[in-house]
Each structure stands twice: as C-alpha cells, then as structure tokens.
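Everything on this sheet refers to the single structure shown next.
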Amino acid sequence: MMTQLGSAVAGLMFIGAIFRDHFPPQIVGFIRRYFHRWLNLFNPYIQITFPELAGERLKRSEAYSLIESYLSANSTLHAKRLKADDVKESKSIILSMDDQEEVVDEFNGIKVWWISIRNVTKTQSFSFYPASEEKRYYKLTFHKRDREVITGSYIDHVLTEGKATVAKNRQRKLFTNNPSENWRYYMANKWSHVVFEHPASFDTLAMEEKKKEEIKKDLIKFSQSKDYYTKIGKAWKRGYLLYGPPGTGKSTMITAMANLLNYDVYDLELTTVKDNTELKRLFMETTNKSIIVIEDIDCSLDLTGQRKEKEKKKDKDQENKEPNPQKEKEKEERKSKVTLSGLLNFIDGLWSACGGERIIIFTTNYVDKLDPALIRRGRMDKHIEMSYCCFEAFKLLAKNYLDIESHDLFPTIARLFEETKMTPADVAENLMPKSVDEDVEICLNRLIEAMEVAKEEEARKKSEEAALLKVENERLASTKEDVKDSEVSVKEVKENGVLDKEVSVKEGNGNGNGITH
C-alpha cells in the first residue's frame, strides 16, 4: 500500500509539473481558481491573513502589530514555541509566537485558530523601495457559520485589546517643546523627550485621604468615558487647575496623575512659542493618553492684562533713555505673540477635538491673577486647591520618611499644625534624615523646632501688619479731622459776613464800581 501511495503521489507531482510548465498561465490560473471553489464546497472553514508589511512602501502594518500584542498577552500562554523581541518603546521584553506556531483562542464560545507564518522568497527584485526577502503574516481560521461575529466583533476586540496591551507595556515619556527655529532641520521634532520614571503616586502624596480619593475617582471615570463624551457631543478631554502656595505639591500631583493613568506628560513652555499657529502645531503633535501641562500660567505670558500698568510705567521710564533700534527689534522678535484667544482655542476650541483622552493642567501660585475666561468651568473643569500641610498629611509623610505611624511627639506636632502654616515640602525636608546617625527622635524634634520658628515668624509678621494698619488708620483719621476743620472754618467765615462770589458780583454791579467787599 505504501508503495502504491508513493507511486500515486509521484505521478501527481509529475503531472502538476508538466501542467505548470507547458500550459499558458491564463489556463493554469483558471483551473486553480475553479479547483479552489470545488474544494471550498467541502471545506467549512474560512481563513483571513494579516501581512506584516503593507502599503506602497511596505511599512509595518498597524493591524499586524496590534494582533502580535494581543496574542503575546493572551493566546501565547498556551504556545509551546515562543520568540523574545526587545522592543524599543516597551518597558520589558515582548514574547510572541514563533514561526509556524499555532494557538487556539476563544471568543463568546467561538473557537478560532491563529498561526504565525514566515515565507522566504528566493528571487531577488530591484526597486527603489526594496522588499524584504522574508514575508510574515498571521492567519486566522474559523468556521464559516461564525463569519459575522468574527469579522465584526472579534476582530475589533483583538485590535482594542492589542492597543490596551501596547499602552500598558510602553515606556512612558516626559516631553518638552523645542524652539521653532529648530523645526526646519532634517528629521527635527517639535518635542524632545526623556524616559518618565518618577516614583510619586497618590499613596505618597501628602493630602487629606478624602480629597485624594475624590481626585482618583474623577480621573478613573474620565479615562473610561469615551462613549459618554461621544454621546454628549464633547471632545474627550478634561481640564484641571492646581493652585496654591509654592511647595504644596502641585508638580507631585501631576506625576501622581500620570502614574495612575499611565499617561505621557507634555510640559509646554509657552514663552518659546512664537504665535498661535505654532501652538496649534504643537498640539497636533501630542498623542492620546497624555497630560499637557502649563506650569505657572500666571507667569508664562501676559495673558490676563494684570501687568499692563507695570509695562506702561516701564515705558515711561525708558522714554528719556536713548533708544536702540537693534535691541528693540531683537526684543520684539523674541517676544511671544500667543494671545488669550489662541490659548482658549487650544483648550476647548475646534482644535481641542484633534485626538482624545487628553488632560490639560494649569498650575499657578496666584489664582486671582488669572483671567476668569481662562479658568471657568468647561475649560478648567476641576479646581484643586493645594493647601498647607495638615496633621493627617504629616502622618503620611512620617510613615513614608521615617516608617512610623505614632510617636510621643505627635500630640505636640498636632498642636503646632493648628497654630502655624507649613508646606508639605518644608515638612518633608525636616523629616528626612541628614546622616546615618540621625534617628526618629532627632528628625521629629527638628520639625518641632522649625514649626516653632515658623510660628514666631508668623506672629511677628502679624504684629508688623497690625502696626502698619494702625498707622494707616491714624493717618486716615487725621486726614478726616483736617477735612472737618476746613469745613468748620468755611462755615465760620460765611457766618461772619463774608459774601459768596455770586452775591458780591451783584452788589458790585448795583454800585456801579464792580468792587467786591
């Protein structure tokens, strides 16, 4: 039987070779096409291929990459042969199916088969964009009764899960914008970046626990609300305003947000942006799942009109000086022409809809200096006050810095927090051991001493302010007395017979000499 089977196979191969070499290609293609149709009558399975290289210039297909990510996180758990790839943008090595390996996946009770195929071409081609000799693709096989589910829901599910896996494994970045003078160079980018590995989180943030939980819930709700934003007709973005004195943890809050949501951070320096057009171009280069930060917005540009009086005063002082046209021209070229209108359009205008899942954050030390149109609800959706350290936040810092949850000095520190103000940055600096010899007792005593000094300084400032207020009140009272005495003198003069101007003129006209007595 084996001899007869071998002879039959050899005969078929010989006939196939003669058929392929001696018949015209049109007839060969026609016969193959109908031969496959005949086989499909008995084959209940459908196959879909996803090539690695696609397009005119044979770029790597995004669908292929997403399928690879999906299979690396799901189906490759059952694969026996894997290959490890060191991907540049990933935090760790990526495991994927090896060539000619097949895995089974299941979706809503439907079983499908994935196989990774690699073909090596033997012919060489000459082209301006030379093709690779290796051709890789994934082949998806499923039963024809499940065609509608697989081509619709399942493939969308695979691509969505692949995107989530890529976002989870990618290395997060911290971006800053480059000056526009550098944009014209070859391969120049509008943003430069470094790896973002800041360890701050909401667990280490010195803030009331209730307030932290409220912010975390708001962020998580935003990240899961794509369909809701589409339903209500709004761009998928959210604005946060962080305000408070220096050292209260505004930058740490931004880092905690990025670590919670696994977002990139774009630190936008407005002073290097020449005009509104450049601002739009920078915004278009940002990616989804990102936080765009403008720190110290009140100092970045004169957008509020609060400094116009100072500028007028400077202009008056410089009028008497000898003008220098060259310096004035250079100063005008360096000056940013970003307007309040351009910034507002950047936040929630038409351009804000270019992309999605973005958070825009403004920070300021003086919220009263900002234009109300810039921070109104709808632009800065949530206002977060970063205030001075409280005893609850101190306990978190003590646990982080000293690994303690209670101490005999805690009641003293709690009393001092009720009597004085100190930022979390100052508290953390005093709690941090400065040498290997310092223990918990020394650090807590140093904090108590610093709080006592801060208390005395605050009392001294209040005393000085009270003294200045007293002097100002006395000056105002003295001014009022002088005005009152002047009014009394005028009244006495009138009562002593001195006539007003109108009466004097009339008497003068009646006497004919026009003399006023």
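Here are a few things to note about the model shown:
- Pairing residues of the stretch 338-354 that are closer than 14 Å to Ile292 by Cβ with residues that are in a loop (DSSP other than H, G, I, E, B), at Cβ distances under 7 Å and at least 6 apart in sequence or on separate chains, gives Leu343/Leu303; Ile347/Arg379; Asp348/Gly378; Asp348/Arg379; Ser352/Ala235.
- Residue in the stretch 404-412 that is small (Gly, Ala, Ser), closer than 20 Å to Ile442 by Cα and in contact with a helix residue (DSSP H, G or I) (Cβ under 8 Å, 6 or more places away or on another chain) present: no
- Taking (1) at pLDDT 80 or above; (2) in a loop (DSSP other than H, G, I, E, B); (3) not acidic (Asp, Glu) in turn, Gly355 satisfies each apart from (1).
- Pick from the stretch 376-392, criterion surrounded by fewer than 20 Cβ atoms within 10 Å (Cβ to Cβ) and in contact with a Ser or Thr (Cβ under 9 Å, 6 or more places away or on another chain), ranking: farthest from Glu429 (Cα to Cα): Glu385
- If you go through the stretch 107-131 and keep only what is open to solvent by less than 60 Å² (accessible area, probe 1.4 Å) and modelled with pLDDT of 55 or more, you end up with Phe107, Ile110, Val112, Trp114, Ile115, Ser116, Ile117, Thr121.
- Taking the listed residues Ser65, Ser90, Ser75, the one that is at pLDDT 75 or above and either open to solvent by less than 50 Å² (accessible area, probe 1.4 Å) or among the aliphatic types (A, V, I, L, M) (or both) is Ser65, with no other qualifying.
Condition check ((1) in contact with a helix residue (DSSP H, G or I) (Cβ under 6 Å, 6 or more places away or on another chain); (2) of a type in the set (Val, Ile, Thr); (3) closer than 30 Å to Leu397 by Cα) across all residues:
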| site | (1), (2), (3) |
| --- | --- |
| Lys217 | no, no, yes |
| Asp227 | no, no, no |
| Ile232 | no, yes, no |
| Met284 | no, no, no |
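Matching residues to (1) surrounded by fewer than 17 Cβ atoms within 10 Å (Cβ to Cβ); (2) under 29 Å from the mean Cα position of the chain (by Cα):
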| site | (1), (2) |
| --- | --- |
| Ala353 | yes, yes |
| Glu357 | no, yes |
| Ile361 | no, yes |
| Phe394 | no, yes |
| Asp403 | yes, no |
| Ile413 | no, no |
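- Looking across the stretch 132-171, the residues that are closer than 30 Å to Ile254 by Cβ and either open to solvent by 30 Å² or more (accessible area, probe 1.4 Å) or of a type in the set (Ser, Thr, Tyr) (or both) come down to Thr160, Glu161, Lys163, Ala164, Thr165, Val166, Lys168, Asn169, Arg170, Gln171.
- Close pairs (9 angstrom Cβ cut-off, 6 or more residues apart or separate chains): in contact (Cβ under 8 Å) with a residue 24 or more places away in the chain in the stretch 148-163, acidic (Asp, Glu) and exposed (fewer than 15 other Cβ atoms within 10 Å of the Cβ) anywhere: Leu159/Glu62
- Qualifying position, being farther than 20 Å from Ser387 by Cα and modelled with pLDDT under 95, among Glu452, Glu438, Glu418: Glu438
- Close pairs (6 angstrom Cβ cut-off, 6 or more residues apart or separate chains): open to solvent by 100 Å² or more (accessible area, probe 1.4 Å) in the stretch 211-226, not aliphatic (A, V, I, L, M) anywhere: Lys226/Trp236
- Residue in the stretch 172-193 that is surrounded by the most Cβ atoms within 10 Å (Cβ to Cβ), counting only those that are part of a strand (DSSP E or B) and not aromatic (Phe, Trp, Tyr): Asn177
- Only one of the numbered conditions (1) in a loop (DSSP other than H, G, I, E, B); (2) within 24 Å of Asn178 (Cβ to Cβ); (3) modelled with pLDDT of 90 or more is not met by Ser251, and that is (1).
- Selection of first residues in the stretch 23-34 that are free of Cβ contacts under 8 Å to residues at least 12 places away in the same chain and of second residues that are in a helix (DSSP H, G or I) and among the acidic types (Asp, Glu), restricted to Cβ pairs under 8 Å at least 6 apart or on distinct chains, gives an empty result.
- Among the residues making up the stretch 415-435, those that are surrounded by 15 or more Cβ atoms within 10 Å (Cβ to Cβ) and free of Cβ contacts under 8 Å to residues at least 24 places away in the same chain are Glu429, Asn430.
The values are calculated or read from the model by the stated rules, or taken from the named source; none is laboratory data. Note that this is a predicted model, so its numbers are computed, not measured. Every residue, glycine as well, gets a Cβ built from its backbone with ideal geometry; the counts of neighbours run over all protein chains shown. The accessibility values were calculated without ligands, DNA or RNA, using every heavy atom of the protein model including side chains. Shrake-Rupley method; radii C 1.70, N 1.55, O 1.52, S 1.80 Å.
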